[in-house]
Amino acid sequence: MELVEVDFTDARLVGRYDRLFEACPEAFIQQSTYWAYVIKDIGPDTPLFLLASDGGDDVAGLPLYLYEHPLGNILTSVPQAGPLGGIFCRAGLSQAARDEAYGRLLERAVELARRQNCMSLTIITNPFADDWELYRRHLAPSYVLENFTQYLYLRSVLEGDSPASFRYASGSHLGRSTRRNIERGWEHGYRGAFCTSVAQLKAWYDVHCRRHGELGVVPLPWRLFENMFALLVPRNKAQLILIEHEGQIASGAFHVYHRAVVDAFMLSMASEHAAHEVNYVTVDYSLRWARGLGLRLYNWQSSQNKRCGVYRFKQQWGSRDSTYYFVTRLLCDPARIRDIGLAGLKRHYPWHYVVPFGVFTDGFDKTYFKKAGA
């Protein structure tokens, strides 16, 4: 099996990677070169993508990003917000070929990290591909952080042959109170639409910033959403759904997607509309749109824990849980990261994963961590 390092100045190699990605329906948009262009001026992060080729056919890919800092470089598949996926493979690969692809790609990833003088290499596993054992065996991670996501199979939630006939399936576990909240929300007079201008995007971003401020959370960068709107929406890889009331944006949900999987990347509402069930309206509109687009799996992404209101909100739609992992190979003396400290990591490596934060409380000798409340 041949390994190719994708030079982003070589259109031929980028094209090969893109063709493999488009041929893989279970891949995530965050594994694409398109996502690299979305985040390239935010980190900044340098893309160092890998391709595995077998007999002249490209069969697997791994997106990696180099983040350089005077305190120490890191290599990761998960820069910026909303990370998903590490290695992706062409459908139909034999177990032996898949095993070899993971082995070769992870071996080269470690080589790349060492070549770039990185302190650590971190890759996220796929919550829907059951590839944890391959990472454990081929990467031999120094640290593992267990996380979870919630998801829906859209066909098990909404049945019908066309958007006009979609209805919630009797076996979808959607409770009577949830159905009533959806009805109450629409009765309030909301209207769903898609964002079609930067002005609308900015109006929704103001809602996002205001809501995050109320929750005491740092909002995501404007440039991230601006790039998603400019680069992904025209490719039919992203969509911002807006819920309006009397000409004002009451809520919005930014989605990114690729063939089979849609990620609910960010949902933000104006808090004055919470009492009118605007979040139920937003999700209802979102699910019907995604089902009509032919997407199969609706990924909510993770929640703070399994006791919080956000988790329970997703659960009432019939969501299932799936486990995935951040796997980290440490390439320096642990004392180097201990000296940077937890506050230093947060300050100098924003939106980048270096090691589990738990090492600063439980010790660097511990190797397995779970997200709090997971």
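The values are calculated or read from the model by the stated rules, or taken from the named source; none is laboratory data. Since this is a predicted model, take the numbers as computed values, not measurements. Neighbour counts are summed over all protein chains in view; Cβ atoms, including those assigned to glycine, are modelled from backbone coordinates with ideal geometry. Heads up: the accessible areas ignore ligands, DNA and RNA and are worked out on the full protein's heavy atoms, side chains in. Shrake-Rupley method; radii C 1.70, N 1.55, O 1.52, S 1.80 Å.
Pairing residues of the range 202-231 that are touching a residue at least 12 places away in the same chain (Cβ under 8 Å) with residues that are of a type outside the set (A, V, I, L, M) and assigned to a loop (DSSP other than H, G, I, E, B), at Cβ distances under 6 Å and at least 6 apart in sequence or on separate chains, gives His208/Pro219; His212/Pro219.
Counting the residues of the range 347-374 that are of a type outside the set (Phe, Trp, Tyr), within 19 Å of Gly72 (Cβ to Cβ) and open to solvent by 50 Å² or more (accessible area, probe 1.4 Å) gives 3. Exactly one residue out of Ser172, Ser162 is within 17 Å of Leu295 (Cβ to Cβ), loosely packed, with under 13 Cβ neighbours inside 10 Å and either in contact (Cβ under 8 Å) with a residue 12 or more places away in the chain or not polar (S, T, N, Q) (or both), and it is Ser162. Look at the range 43-57: where a residue is over 30 Å from Pro350 (Cβ atoms) and in contact (Cβ under 8 Å) with a residue 24 or more places away in the chain and a partner is of a type outside the set (Val, Ile, Thr) and surrounded by fewer than 16 Cβ atoms within 10 Å (Cβ to Cβ), sitting 6+ places away or on another chain with Cβ atoms under 8 Å, you get Ala52/Met1; Ala52/Glu2; Ser53/Met1; Ser53/Glu2; Asp54/Met1; Asp54/Glu2. A count restricted to the range 312-339 and to residues that are farther than 23 Å from His173 by Cβ, open to solvent by less than 60 Å² (accessible area, probe 1.4 Å) and out of contact with any strand residue (DSSP E or B) (no Cβ under 9 Å at 6 or more places or on another chain) stands at 2. Would you confirm, using the coordinates I've provided, whether Asp18 is at pLDDT 95 or above, over 16 Å from the mean Cα position of the chain (by Cα) and open to solvent by 10 Å² or more (accessible area, probe 1.4 Å)? Yes; evaluated as a whole, the condition is true for this residue. Just one of the listed residues (Leu330, Leu242, Leu293, Leu297) is under 23 Å from Asn181 (Cα atoms) and not hydroxyl-bearing (Ser, Thr, Tyr), and it is Leu242. Looking across the range 166-192, the residues that are in a loop (DSSP other than H, G, I, E, B) and under 14 Å from Tyr285 (Cα atoms) come down to Phe166, Gly189, Tyr190.
Could you list all residues from the range 268-327 that are among the small types (Gly, Ala, Ser), assigned to a loop (DSSP other than H, G, I, E, B) and closer than 20 Å to Lys370 by Cα? Selection gives Ser302, Ser303. Restricted to the range 126-139, and to residues there that are modelled with pLDDT under 95 and either open to solvent by less than 60 Å² (accessible area, probe 1.4 Å) or assigned to a strand (DSSP E or B) (or both), the residue that is nearest to Leu71 (Cα to Cα) is Asn126. When the range 12-32 is filtered for residues that are part of a helix (DSSP H, G or I), out of contact with any Gly (no Cβ under 6 Å at 6 or more places or on another chain) and farther than 21 Å from Met228 by Cβ, the ones remaining, listed by number, are Arg12, Leu13, Gly15, Arg16, Arg19.
To keep it simple, each residue is scored yes or no on (1) within 22 Å of the chain's Cα centre (by Cα); (2) surrounded by 12 or more Cβ atoms within 10 Å (Cβ to Cβ); (3) at positive phi.
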site: Leu154; (1), (2), (3): yes, yes, no
site: Arg179; (1), (2), (3): no, yes, no
site: Cys195; (1), (2), (3): yes, yes, no
site: Cys209; (1), (2), (3): yes, yes, no
site: Leu215; (1), (2), (3): yes, no, no
site: Glu226; (1), (2), (3): yes, yes, no
